[in-house]
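*Asks:* The following block contains the structure, expressed as structure tokens.
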Amino acid sequence: MERGGAAPDRVYFDYAGFAPVDPRVLAVMRPFLEAGIGNPSAPHSLGSEARESLEAARAKVARLVGGSGTGVIFTSGATEANNLAIRGVAMRAGAGARHVITSAVEHISVLNACRDLEKTGAAVTVLPVDGEGRVSPDEVRRALRPETIFVSIGAACTEIGTMQPLTDIARITRAAGVPLHVDGVGALGRMPFAAAAMGFDLVTVSSNDLYGPPGAGALWVRPGLKISPQILGGGQEGGYRSGTENLPALVGLGVAAELMRAEAAHGEPTRLAALRDHLVDTVLASLPECRLTGSRLGRLPHHVSLVLRGAKADSVLLDLDLCGVAASSGSACAQRTGTPSHVLRAIGCAPQEMEGSLCFTMGRWSTMAEVDAVIERLPPIVARLRSLALPAQR
């Protein structure tokens, strides 16, 4: 494994929070921002050109997801796509006894959308997970009821990196005739993914997670499955999501999806897994009372999540930032609530561990030299903070 390269002045290991937009994506977007580009709904030739660009982007996203292009509905991002999937299926099911199933480690946009359904009389089952954050397919099977209208399980937990047994879960939901919604953020292009072949019914896509522009995303819906729109207006996106499409961003999303698909075929997940494993193995060996959260083997290739005792994450992250390392303590969306991580609670972490939750996520431009820089800088920071905490603990 090649290590070379001088120690970098700045290390960015928060790709799950925000992935820098690829310059190749920006280059394709630029003419759509600078030149005279029409509205995709307009009847003139500029409108026709815009429609062609929009449909080309739709096809590229569909190829990454592994489904038909007719199923792609463009949105403003993953949160909107999750809400469109969950609320769209629920509203289509109509009034009466309804039941939905999700898990305790889903993204907050999924959990809050499901909880909101309870106000309309729906019952919500939140499945527990094991100590690695994995959902049991048998738990899904046992939770199903005649009135179950959908199951929502993410492909992977973006806070701790654990990948879910989606093929087994999809087999169960398909046999029961219950739609399965899969939040694909973090997983698309980083793990095997073929929505149609694997039996998924709805898939959430985030542009920025693919090195595309923020503020764009998509929901793939299996052809034949009907959902209710959540944004009404002029009937864009097949009537499922009204409003003039953000053409520059969606063209960028299409390019990002194509690049991600090509990169996966050429071994990028394997390269990232080598960086991940080197960071995990070395940090665990050098830091006492530190452990990995999530699955050791069945985890996203770019994802390292740790908990440690005796040092608070906000202090560790501040010191890391001062010495040139940008990392996080979990989900950026969840951090805005100021509450302890629901994911870490679900996998049984002690309160002292949750205070020391760290997350390092790597990406397209990450190098082994950057990993070695983190390995060099992290242990002294933790040791210093632990030494400062000792007098207060006596």
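Where a number appears in this text, it was derived from the coordinates with a stated rule and is not lab data. This one's a predicted model, so the numbers in the text were calculated from it and none came from an experiment. Cβ atoms come from the backbone with ideal geometry, glycine included; neighbour counts cover every protein chain shown.
*Asks:* How would you order 7-19, 55-67 from highest to lowest mean count of nearby Cβ atoms within 10 Å?
*Replies:* Peptide ranking by packing, descending: 55-67, 7-19.
*Asks:* Is any residue of the range 150-164 close enough, with backbone N under 20 Å, to a label point placed 7 angstrom from the Cα of ARG171 along the Cα-Cβ axis, and if so, which?
*Replies:* Residues passing the 20 Å test: 151-156, 163-164.
*Asks:* Cut-off under 12 Å on the C-alpha distance; same-chain residues fewer than 8 positions from LYS60 excluded. Which aspartates and glutamates are left, in chain and number order?
*Replies:* GLU258
*Asks:* Give me the net charge of LEU320's neighbourhood, meaning all other residues with Cβ under 14 Å from the Cβ of LEU320; Lys, Arg count +1, Asp, Glu -1.
*Replies:* After counting each charged neighbour, the total is -3.
*Asks:* For the range 189-229, count the residues as N, evaluate 2.2 N^0.38 Å, and divide the Cα radius of gyration by that value, please.
*Replies:* In units of the globular-protein estimate, the range 189-229 measures up at 1.32.
*Asks:* Averaged over every viewing direction, what's the projected area of the C-alpha convex hull for the chain? Give it in nm², one decimal, please.
*Replies:* Directional mean of the projected Cα hull area for the chain stands at 20.6 nm².
*Asks:* Between ALA7 and GLU118, what FRET efficiency follows from the Cβ-Cβ distance if R0 is 51 Å, with the result rounded to 0.05?
*Replies:* About 0.50, to the nearest 0.05.
*Asks:* Using a cut-off of 23 Å between alpha-carbon atoms, which lysines can reach LYS119, once sequence neighbours fewer than 8 places away in the same chain are excluded?
*Replies:* LYS226
*Asks:* Moving on to the next point. Where both residues lie in the chain, what percent of DSSP beta bridges are antiparallel, nearest 5?
*Replies:* So the antiparallel bridges amount to about 55 percent of the total.
*Asks:* Please list, ordered by chain and number, the residues whose modelled amide H lies under 5 Å from the amide H of VAL72; skip anything fewer than 5 residues away on the same chain.
*Replies:* Result for VAL72 returns VAL221.
*Asks:* Run lengths n ≥ 4 of DSSP H only: what is the helix-derived mean residue ellipticity at 222 nm for the chain, with -39500 (n - 2.57) per run over all residues, to the nearest 500?
*Replies:* -13000 deg cm²/dmol
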